[in-house]
Each structure stands twice: as structure tokens, then as C-alpha cells.
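See below for the structure under consideration.
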Amino acid sequence: MKEKYNFREIETKWQKIWEEEKAFKISEDTDKEKYYVLEMFPYPSGKLHMGHVRNYSIGDVVARFKTMKGFNVLHPMGYDSFGLPAENAAIKHGVEPAKWTWDNIAEMTNQLKEMGLSYDWDRTVQTCNPNYYKWMQWIFIQFYNKGLAYKKENPVNWCPSCKTVLANEQVVDGACERCGSIVGKKNLSQWYFKITDYAERLLKNLDILEGWPNKVKTMQKNWIGKSRGAEVTFDIKGMDKKITVFTTRPDTLYGTTFMVIAPEHPLVEEITTPEQKAEIEAYKEKVQRMTDIERTSTTNEKTGVFTGSYVINPVSGTEFPIYISDYVLLDYGTGCVMGVPGHDQRDFDFAKKFDLPIIPVIDTHDPEIDLNNLPHATAAEGTLINSGEFNGMNNKEAIVKMTEKLESMGRGKGTINYKLRDWLISRQRYWGTPIPMIYCEDCGWVPEKEENLPVMLPTDVEFTGKGESPLTTSKVFAQCTCPKCGKKATREMDTMDTFLDSSWYFLRYCDALNEEKAWDFDKQKYWMNVDQYIGGVEHAILHLMYARFFQMALYDLGLVSNEEPFENLLTQGMVIKEGKKMSKSIGNVVSPEEIIGKFGADTARLFILFAAPPERELDWSDKGVEGSYRFLNRVYRLVYDMSDVIKNAPDTYEIKSSEDKSLAYAMNYTVKKVTEDVGGRFNFNTAISSIMELVNEMYKYKDHEINEGLMKDAVEKMILVLSPFAPHICEEMWQHLGHETKLYKTSWPSYDEKALIKDEIEVVVQINGKLKERMLVPSGLDKAAFEKLAMENEKVKALVEGKNVVKVIAVPGKLLNLVVK
RNA sequence: GCGCGAUUGGCGGAAUUGGCAGACGCACUAGACUUAGGAUCUAGCGGGUGACCGUGGGGGUUCAAGUCCCUCAUCGCGCACCA
């Protein structure tokens, strides 16, 4: 150990040692309690950004801490390496997606290693690796055989720029989540996963995910969007046809004055009368040309066209007209809505626009509302009116009774609806897992035989950026034989959404090298669940719901032992600078490479954990980084200066002076604080600040007479608790102090509760809740003794003099409050 | 519009169960050492400088409120014509 802190030398040295010793290689060990800590794996863009540094620093502290605590820790890392940027690079620079991706992976691996992260590198997965996507295809086939994958033609979200379809979850504000282009609609035959079959379980299980942030659970809950209500069937006047609507408010059935169906609804053609046909067709065409943005931006201005047909209210027998309008969505509920303008604002707006009657059926007992001339729709509770036999009934009760009546009439039933749609998983892209399905003219869609997996991506493809998916340009890919009948057949040309790849990688980590299976059940059983999952909140819905769905489906297939994969979830905040998101266009990007080059990985890690609690936004501060660097230098100097003392110090010692006592207190307090903050609350910032306090104490202490044994103890414990945050410098100091065993193999220190009891403690005296006096009292006083002592205090006496003490509240060890009049 | 979360010194943030507001760090000020200091060390650092006021504003509960309740404001995030 040199006099000056040379982080570059130290970090290189220890990274090499860890690598050579395979320090973090792990295997199943039933003697130890397992702990699985996982950070969301990156897309290999080639360069780490500060968000990665934050994510992986958090995970690494947890992993190293748990390891020192004696757990058998699984801490893996890999790459979500299929995806569009690789294809774009191919189009732009003519480099093959595979080469581009693997180069990036190599580059990124180097950067991760420079951070000193404690991964078991032998378990690394790359989703673009045939030994990974082989099992992706295998899982797809299991899902297909279970009836969870199906193909259907449907209007789908189409990104004109990415030239592919998108899942609902990937359309944000009507635009492509990836590139921001306006998403249009296209009728295509596509593969879907039946995630809707799992809607109820996905929703219900949220309640048992106690280790998840409420925010994420709420977001998923809203996304699943469960609504309870009823389906009501209406006869169409003069036709042998019926229309079924979904409503959450069957109690308002008597208030229906019109019906609206989605323009795309197949029934529209049948019910349109000849004289309305032209207008209906024109409207449909107009709607079809609109993007989702246009369709939803005209918030209040309702449009629509009368079809010429009428329906009959099953309970009241009244007739009313059927319209089409774009505010009714084809894929929610039944695509048909009963218009109740009195109690639904959208219906109210529509009725006003088309001059349709408005019948109030619920009296909300609001004196401001004139029931004969409603100013707006009312949604509040109330009593039914204008509703025949239901008049006078509370509307909550009416929901039940009306549903019962409809059921008895065979006109409806209580039902539940979800906003969640099936997951569209086909992508018209090259750089993804080929969907292992074969189309045979005689047998239809047939899965590829398992022994033929993986269906390899062909390399004889062209990247033009135009026309269809590059896969279609391959001369060999499509040709195959039907696995069932052996006739000539063709392969599916679409690849899978990359979100499939990331929906089970945590399972592959459990048994990453298995060539016979996706994973061994027992190994999975040993490691799962993920005890701590860490990543950005931007994955709250997409990835985290898809992964939950996969796990449930795999559970039903008997392939995994739990229904939910992630026990505890930490969503880390963004790294920002000067209040803004780091971005190239603003020019406020701080590169991890630069920071590590200038101050070292230990400083970078320490700062990013110190500057803010993990779930909050972190404002990057260049000055703050220097502060962390200064702190590590301060630690280094202390250890360097004390090393002779420590090396010659005895292993046991006695507390003699009051300085000894307070250093022993600080040492034990810090160990306790760090243990609790890292092990329980994940408040790394306060853990680090308490280590700083201990270091400050030691600097003060070394100017007094040094108790060598105590000094040694304090310095060593300080190094141990600092090591998860700044592992390289701590290994170096640890070795320098004469330890043969590497720090990463050393146990976490314990603390002595007895040393945390002080002889004297400072308490405060308040009068009427205002702080008036501080005093030192012996610790462990009971209420009465404490009160007596306080009342003897000169200042307190003077303040109470001549006044009436009404009440005394004594909190031993803390304060005394005198209520005085 | 609906839902969730935040608001504490010049700044990032502490205060775990209602019990000393401002830990720790940054910035700043003064001093020491020094040929020099952007190194290091020491001291100070919410406002007013009297015993008072201070956790976005207003109100409440309590002996005691940053913390609990009501209300308003601002900012951020999510969802949004979901019947």
C-alpha cells in the first residue's frame, strides 16, 4: 500500500484478482440460506450510462452485504440483446446485427468489470445467443400447446418508422414507445399470447406482493383495469338480431335514450339502412384514417352517424336509435354502449350534440340540480326515479336487483371486464427470436419439432430499411417441411417481441449453462424467487407484468415452483443533472467512463449511493463526486497512518478513557446503523453518512492517547462496513493490515449492544412544549428520578418560579415537558 | 378529469414508533501549515442576534406535530372518450 491513494492501480489489481479467483462464482449449497439479487439486465448499446451505474451499484452493495452476512448469493448479469438498434446499425453502417451486438456486449462487459461488480460471470446470458433463444422457442411451443398462443387477424398498432406492429403497452400517447412516430392501424394476422386469461390472477396477486412499491402495483392495477358490471341484450327492431352492451351501471337502464356502437363493429353493416349507408360509410372511412392521437384528442366534441335502426329497451320496452361513434372502442367490452345521458358525461355530450332526449333516472338529492333540465350528467349515488318498479330504490341496490331481473329474463348477466388486451407478440423484424411455427397447407400451423430447435436466424439477409422484414429476403429460411405430415411447408417470418426474451431470463440464470433443458427444476426451486429485484420504474407495466404472466403460465405448466417471480422490488429513481434528465440534446450527460477514469469506480459508486436514497431522483453533482473522492482519500490516509499501530496492536483491549468509550460507542453505533440501513431499509445514503461520522471520530481520537487494540478494532470494522460500497480500496487496506483472507470472503462484523449504552445522556426540558434547557443525566433513570433531577435544575427552577405546574410529562432518556400556567 | 407521490437552510439530503428540526456531504467564510494551494487541518455556517421565529399556505388534534387529520397551492409521475 502506497502513501498516496492510487485508485487506478488498486482497482485494476483487485479486479484482476477477483476475475482470476472467480470470486463470485456460486453454486447451490443447501447448507446455506440462498439470496437472489437481480438487477434488470441492459440492452447492450455499447456504453454504460449513469442509470446503469446507479442500478448496478445498488445491486452490488446488496449482493456483497448479503454474502458477508453468510448467504449463498446469486448475483448474475446478462444482456437483453435482441432489438431494433442492431438492425438500424446494419442499415446505416452495413455491419451485421450479430457482430454489432456482440461487439457492444464485449465493450459493455469491460465497463461493468471496471465497476468492480460482484457478478457470477459464468452465468451470463445473451438473449441473442442461440443457446438462449432455443429455450425461448421451446417456451413458446409449450405456451402454444397449452393454448396460450394463437394467431388472429385484427387491426393492430403499426409503427410506420419501425415497420413493425406494437403491443398496446408499447404505444405511448398514440406514438411508438421506441421511436416516437405516430402509430397507425393495420389489419394483420398476428401471434398473440392470452394474457387476458391471467388478468384476474395478475390483479389479485398484487395484494400478496408486499415487497413491491404501491406505485407500481397501482399502475398495474389500472392497466389491468377491472370493471364490474352487467351485459344487457337488446333486440333490434324489425330484425332477428340482438345487440349486447357492457355497462357498469345497470341501475341506469331506464335512462337509456340511444345506443352507440363502434364504427368498426361487424354489426354496423347489417343494421345500416339503405338511406343511411352513404353517410355511415363516409364516417367509417374517416375514422379509419385517424390515428389514435387524433381519435382521442377531440376530448369533448362528439361525432357520429345514425344507422337508421332502432333497439328496444328490454325492461321498459321503449325504442331508441342506434348510432355509430368513434368514442366507442371496438375492443373494450362488447364494442357497444347504451347511451345514458343523464348519468354519463360522454353520453350527455353526445345527446346534446344530436338532440337526443335526456331522462334522469337517479335523484342525487342535490338542491343545485334541476332534474328537469340537467346541467351535466350526474354520477353520484341516489334514488331511482323514472324506472318503473325500481323507483325509490337506492341505486347501489338497484345495480344488484336490475342485474337479477335481467338474468331472470334471459336478457343479461353480471359480468366483469378488463382493459387488458391479449399481448401481440409478432414483430416484422429480423433481430429477434424466430417464432418456431410452420405453416402447412394441409395441417395449418404446426410447431417446429423440439429436436430441431433452435430455429436459427439466417445470415443471408439484406438490410435495406425498406419493404418487408429482412427475414423475407433470406433464400433458405422459409423453406421447411411440415413436422406433422412431412410435406413442403413455410416458416413463420415474424420474430418475437423482445419483451418475451426478458420475461424469463431470471429463470435461465438459475441454470444458465444447461444444454438439455431451459432450466433444471430443482435448481430453479433452490434459487427462485428473486429476493430483490432492482430497476427503473419505466418497466412498471411492460416488463414487470409480462414477467409475472410468464411465471404464472410456467407455474401452470409445472415448470416453476412459484406463481410470482419477484419477492421485493426496488424501483430506482432517475439520475438527472441541474433538474433535467440527462440527454444529448441538452448536453448535460455525464459519462460513467469519464468519472471512473478521473476518480475511480469506488468513488463513483460511493457518490451515487450517497447523494440520494435509491428510489428518489438523483441530481448529479460534480462537486459532490469530489467530496466522495476526498472521503476515500481521508479513509486511506487514516489507515495508512495507523497501519503500524494496528499491525502491532493486541487482539483484545479494555475501554479505559472517556475517549475510548466514545470511540467504542461510535464504532458499534456505525456497525449497527449500516447493518440496518443496508439490510433493511436500503438507505445507503444514511449508512454512508454514519461511516463518515465514524471516520471523523477516529480522526479526533488519534490526537489523544491511542488504545491500540481499540483503534485496530475500529479501523477494521470501518473497512468491513465500507467494503460493499467501495470494494477495491477496502480490499487493499484490508490486505495491507495483514489479513491473508480476502475481504470478500470475510464475515460482516457484529456490534455490542452494551457499548451503545452511555453513562450519561443529554436530555431536554421543555416548558409548554418549548425547549428551555439541556442537561446531562445518568442513563437508565426512571420517570420519578428523572423528574426530580430536572426540577432541581437551577434554570428550570427559575423558569417555574411562581407558576403553577399543571402537568409533567417525562419520557426517560429523552425529555421532560412541564405544562405550566 | 381520475389516481399516486412530493414540497425541510444557498444546494443534495437527515430526523426509523408523534418527543432536541437541519445528521452527513456540497458550497461558502475565517484561520493554520506552506515557495504555492484547487492539497490538508481547525473553527463557523436557517433567520433575528435578548430569553424569539422557523419544515409550501391556512386550520385542527395533542403536554408535544416535518411526522396524524381537514383544506388550499405548486411541482412531478401514471392513466385517460374503458361505457
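The values are calculated or read from the model by the stated rules, or taken from the named source; none is laboratory data. Keep in mind that what you see is a predicted model, and the values were worked out from it rather than measured. FYI the Cβ positions are ideal-geometry reconstructions off the backbone, even for glycines, and counts take in every protein chain you see. Note: areas computed on protein heavy atoms with side chains; ligands, DNA, RNA excluded. Shrake-Rupley method; radii C 1.70, N 1.55, O 1.52, S 1.80 Å.
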- Query: Of A:LYS277/A:LYS353; A:LYS99/A:LYS466; A:LYS163/A:LYS286; A:LYS598/A:LYS623, which pairs sit farther than 18 Å apart, going by alpha carbon to alpha carbon?
  - Reply: A:LYS277/A:LYS353; A:LYS99/A:LYS466; A:LYS163/A:LYS286
- Which listed pairs, of A:LYS284/A:LYS352; A:LYS4/A:LYS580; A:LYS146/A:LYS517; A:LYS241/A:LYS284; A:LYS4/A:LYS702, have C-alpha distances above 25 Å, in listed order: A:LYS4/A:LYS580
- Rounded if a/c under 1.5, otherwise prolate or oblate - region A:72-174, Cα gyration tensor axes: oblate
- Message: Given bins 10 angstrom wide, list per bin the percent of all Cα-Cα distances in region A:121-195, short to long.
- Response: 17, 31, 36, 14, 1
- List every residue whose amide H lies under 5 Å from the amide H of A:VAL73, counting only residues 5 or more places away in sequence or on a different chain, with H placed 1.01 Å from N in the peptide plane. A:TYR35
- Could you give the spread of the C-alpha atoms of region A:242-398 along their three principal axes, from largest to smallest, in whole angstroms? 45, 32, 26
- Task: Quick one: plug the Kirkwood hydrodynamic radius of region A:701-821 (C-alpha pairs) into Stokes-Einstein at 20 °C, 1.002 mPa s, and report D in µm²/s.
- Result: 118 µm²/s
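Check each of the GluC sites (Glu not before Pro) in region A:382-445 and keep only those in coil by DSSP with at most 13 other C-beta atoms within 10 angstrom; list them in order.
Hits after loop and neighbour filter: A:GLU441.
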- Message: Kirkwood Rh over alpha-carbon pairs of region A:144-257, then Stokes-Einstein at 20 °C and 1.002 mPa s: what D in µm² s⁻¹, rounded to an integer?
- Response: 120 µm²/s
- Toward the positive end of the charge dipole of chain A, about the Cα centre and with charges on Cβ (Lys, Arg +1; Asp, Glu -1), which of A:GLN532, A:TYR744, A:ASN804 goes farthest? A:ASN804
- Message: Need the list of aspartates and glutamates near A:LYS302 for cross-linking: C-alpha distance under 14 angstrom, and skip anything on the same chain fewer than eight residues off.
- Response: A:GLU294, A:ASP326, A:ASP344, A:ASP347, A:ASP349, A:ASP355
- By how many degrees, 0 to 90 and rounded to 10, does the Cα axis of helix A:622-647 deviate from the longest principal axis of chain A? 40 degrees
- Using the alpha-carbon atoms, what tilt in degrees (0 to 90, nearest 10) does helix A:684-701 show relative to the longest principal axis of chain A? 10 degrees
- Query: At 222 nm, what helix-only mean residue ellipticity would chain A give, in deg cm²/dmol to the nearest 500, using -39500 (n - 2.57) for each DSSP H run of four or more?
  - Reply: -11000 deg cm²/dmol
- Message: List the trypsin sites (Lys or Arg not before Pro) within region A:614-700 that DSSP assigns to loop and that have no more than 11 neighbouring Cβ atoms inside 10 Å.
- Response: A:LYS656
- Task: Could you please state how large a percent of the accessible area of chain A is carbon and sulfur, counting protein chains only and using a 1.4 Å probe?
- Result: 48 percent
- Calculated FRET value between A:ALA784 and A:GLU21, using beta carbons and R₀ = 60 Å, to 0.05: 0.45
- Message: At a threshold of 8 angstrom on Cα-Cα distance, excluding pairs fewer than six apart, so keeping six or more, what relative contact order does region A:361-419 reach in percent?
- Response: 24 percent
- Message: Give me the percent relative contact order of chain A, please, defined on Cα pairs under 8 angstrom at least 6 residues apart.
- Response: 14 percent
- By how many degrees, 0 to 90 and rounded to 10, does the Cα axis of helix A:727-736 deviate from the longest principal axis of chain A? 20 degrees
- Which of the trypsin sites (Lys or Arg not before Pro) found in region A:443-506 are loop residues per DSSP with 10 or fewer other Cβ atoms within 10 Å of their Cβ? A:LYS466, A:LYS475
- Going by the alpha-carbon gyration tensor, a ≥ b ≥ c the square roots of its eigenvalues, is chain A rounded (a/c under 1.5) or, if a/c is not under 1.5, prolate (a/b greater than b/c) versus oblate? oblate
- Message: Please compute the modelled spin-label separation between A:GLU269 and A:LYS241, points set 7 Å along Cα→Cβ, answer in nm with one decimal.
- Response: 1.1 nm
- Note on the structure: Going residue by residue through region A:227-241, the Karplus relation 6.51 cos²θ - 1.76 cosθ + 1.60 with θ = phi - 60° gives ³J(HN,Hα) values, rounded to whole Hz and with x marking Gly or Pro, of 10, 9, x, 9, 9, 10, 9, 10, 7, 8, 5, x, 9, 8, 10
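With a 1.4 Å probe and every protein chain left in place, work out the accessible area per residue of chain A in Å², rounded to a whole number.
45 Å²
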